[in-house]
Amino acid sequence: MRGTQTEVLVVGAGPVGLWSALLLAEHGIEVTVIDREARTSARSYACALQPATLRLLDRLGLAESIIERGRRVETIAFYDGATRQGELRLSKLGGEFPFLLILPQSALESLLEQRLRAAGVRVHWNYRFDGLTEDEETVSAVIEELEGTSTGYIVPHWETVVKNRSTLRAQFLIGADGHNSMVRPRAGLEYQRVGDAESFAAFEFETEKKTADELRVVLDDTTTNVLWPLGENRYRWTFQLLRAELSGDFPEKERRSFRLGEPAIDERIRQYVQRVAHQRAPWFDSEVRQVHWCTEVTFERRMVAPFGRNRCWLAGDAAHQTGPVGVQSMNVGFSEADALGSILRKILREAAPLQLLDGYDRDRQKEWRALLGLSGGLKPHGQTNAWAVQRAGRILPCLPASGPDLPALAGQLGLTPS
Ligand SMILES: Cc1cc2nc3c(=O)[nH]c(=O)nc-3n(C[C@H](O)[C@H](O)[C@H](O)COP(=O)(O)OP(=O)(O)OC[C@H]3O[C@@H](n4cnc5c(N)ncnc54)[C@H](O)[C@@H]3O)c2cc1C
């Protein structure tokens, strides 16, 4: 990495960091992006873009090429076991993008990286943020350049070592370094736990026939499960695990796109998906064929407070986490990057006061308090059906929306966010 200073340092080149950097570059702001890994992620993780995110992407002319690569889903159906209890029509939201776009996170990240490169910014892969100091005018980040080395004589293995340590001075630092953020503790920001953790297992597979063109959320008394239509006969089941079976660590994103096949294990996984799908969603009568990928992950319900201070601010998973069903954490991260980008432009280019950033903190906390149900959750009214009244608390994190789209979608189930 050349140079010892920049206007804005973005730590983390996940979707939110890449999008932050792209917005800043488009505002004509000098931006440096670092990521401790060697490349973008290789898996589909948060695999849906909400209408509000598509509207943001469209402002930079990106929506069309992203929509071409994905699959539109216009209906979200809610089941309780075998019974269809309600549905959301995204078309009722109006606007240019009244649908969810199913797109692997890996595809989104590589598209954003390409676009960033075209804007003249290269991600510095293999550079890790390790610490910071601040003064009135700048933030100085300690950055380690990493390299891989093979160690061990009889059984060699690959290790990452620090090749070089340097300091980069920036006027602002955006921490978009994900759930296990290093920026967050180094900036002294408290990551508050606001609810129970939930563990999920996700399986991507092919079926012998097409099951649904819609997203199906399946609730029962103890679990929340989702069938995602990925394209043609390809689906993802996300099953909530009955007990927290994981250690509680949040896994890192995979950077290797291939998977080593082990036929006996693959067959056991295939049978597990078939069995659990049938138990929890009796209408799922397709035969599960090949399972291409599976992962287990525990999602916590957390929020940082404040969202930053002085010259160091957070966006995306570095600042919050919730369950995976509504794809809220990544999508809301896009609007955070947008808000932060325009405030930093005003400060850096129009001499606006630093206090504008207090508004960023206020708005984000308000948004996340609502999404996490801390300001009262979804409230039914007199005509709300009994199922929605009973499940109201569990429906909120399943809604793929924030901002004005959230009440519009919740209203279709007779619920109002408070
Ligand atoms: C296994 C798994 C399954 C998931 N499934 C779903 C799902 O089904 N639905 C859903 O909505 N979400 C899911 N998620 C979460 C989703 O991937 C995140 O919400 C999304 O990636 C958030 O984007 P982000 O840019 O904020 O952070 P991230 O994508 O986490 O990006 C952070 C980046 O920062 C880099 N970084 C971290 N520390 C440093 C450092 N010290 N220095 C430099 N760089 C650093 C990381 O390498 C990473 O590239 C899943 C995540 C995982 C890991």
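The numbers here are math on the coordinates, done by the rules we state, and not lab data. Quick caveat: nothing in here was measured; it's all calculated off a predicted structure. Note that we place each Cβ from the backbone using ideal geometry, even for glycine, and neighbour counts take in every protein chain shown.
Quick check: residue separation of residue 190 and residue 349 times 0.36 nm, minus the Cα distance between them. What number comes out in nm?
Gain in length upon complete extension: 54.2 nm.
How far is helix 15-26 tilted off the main Cα axis of the chain, in degrees rounded to 10, range 0 to 90?
Compared with the principal axis, the helix lies near 50 degrees.
Just the Cα atoms of the stretch 294-418: what Rg and Dmax do they give in Å?
16.4, 54
Roughly speaking, what is the stretch gain from residue 221 to residue 418, that is 0.36 nm per residue apart minus the C-alpha to C-alpha distance, in nm to one decimal?
Extra length available between residue 221 and residue 418 comes to 68.5 nm.
Taking R0 as 45 Å, what FRET efficiency do you get between residue 164 and residue 386 from their Cβ-Cβ distance, rounded to the nearest 0.05?
E between residue 164 and residue 386, to the nearest 0.05, is 0.10.
Quote to one decimal, in nm, the extra length available between residue 122 and residue 38 on full extension: 0.36 nm per residue of separation minus the C-alpha distance between them.
Gain on extension, residue 122 to residue 38, equals 29.0 nm.
So if I average 1/r over every pair of distinct C-alpha atoms in the stretch 352-415 and take the inverse, what Kirkwood radius in Å does that give?
Value: 13.0 Å, from the Cα pair sum.
How fast does the stretch 308-349 diffuse by Stokes-Einstein, in µm²/s, taking the Kirkwood radius from C-alpha pairs at 20 °C and 1.002 mPa s?
192
Could you compute the net charge surrounding residue 188? Neighbours are other residues with a C-beta less than 15 Å from the C-beta of residue 188; K and R count +1, D and E count -1.
Result for the local shell: +1.
Excluding same-chain residues fewer than 8 positions from residue 92, which aspartates and glutamates have a Cα within less than 16 Å of its Cα?
74, 214, 405
Please list 3J(HN,Hα) in residue order for the stretch 32-38, calculated via the Karplus relation 6.51 cos²θ - 1.76 cosθ + 1.60 where θ = phi - 60°; whole Hz, with x for glycine and proline.
10, 10, 10, 8, 6, 8, 8
Tell me the net charge near residue 7. Cut-off is 13 Å between Cβ atoms, residue 7 excluded, with +1 for each Lys or Arg and -1 for each Asp or Glu.
+2
If the reach is capped at under 13 angstrom between alpha carbons, list the aspartates and glutamates near residue 366, excluding any in the same chain fewer than eight residues apart.
Within the straight-line limit of under 13 Å, residue 366 reaches these aspartates and glutamates: 336, 358.
Which aspartates and glutamates does residue 163 reach when only Cα atoms under 16 Å apart count, and residues fewer than 8 places away in its own chain are ignored?
Cross-link targets: 35, 37, 130, 144, 145, 147.
Expressed as an acute angle from 0 to 90° and rounded to the nearest 10, what is the orientation of the C-alpha long axis of helix 386-395 relative to the principal long axis of the chain?
Relative to the chain, helix 386-395 is tipped by roughly 30 degrees.
Taking N as the number of residues in the chain, what value does Rg over Cα atoms divided by 2.2 N^0.38 Å take?
Dividing the Cα Rg of the chain by 2.2 N^0.38 Å gives 1.00.
Could you please rank 116, 18, placing first whichever residue has the fewest other Cβ atoms within 10 Å of its Cβ?
Listed from fewest to most nearby Cβ atoms, that is 116, 18.
Nearest 5 percent is fine: what portion of the DSSP beta bridges confined to the chain is antiparallel?
The answer is about 80 percent antiparallel.
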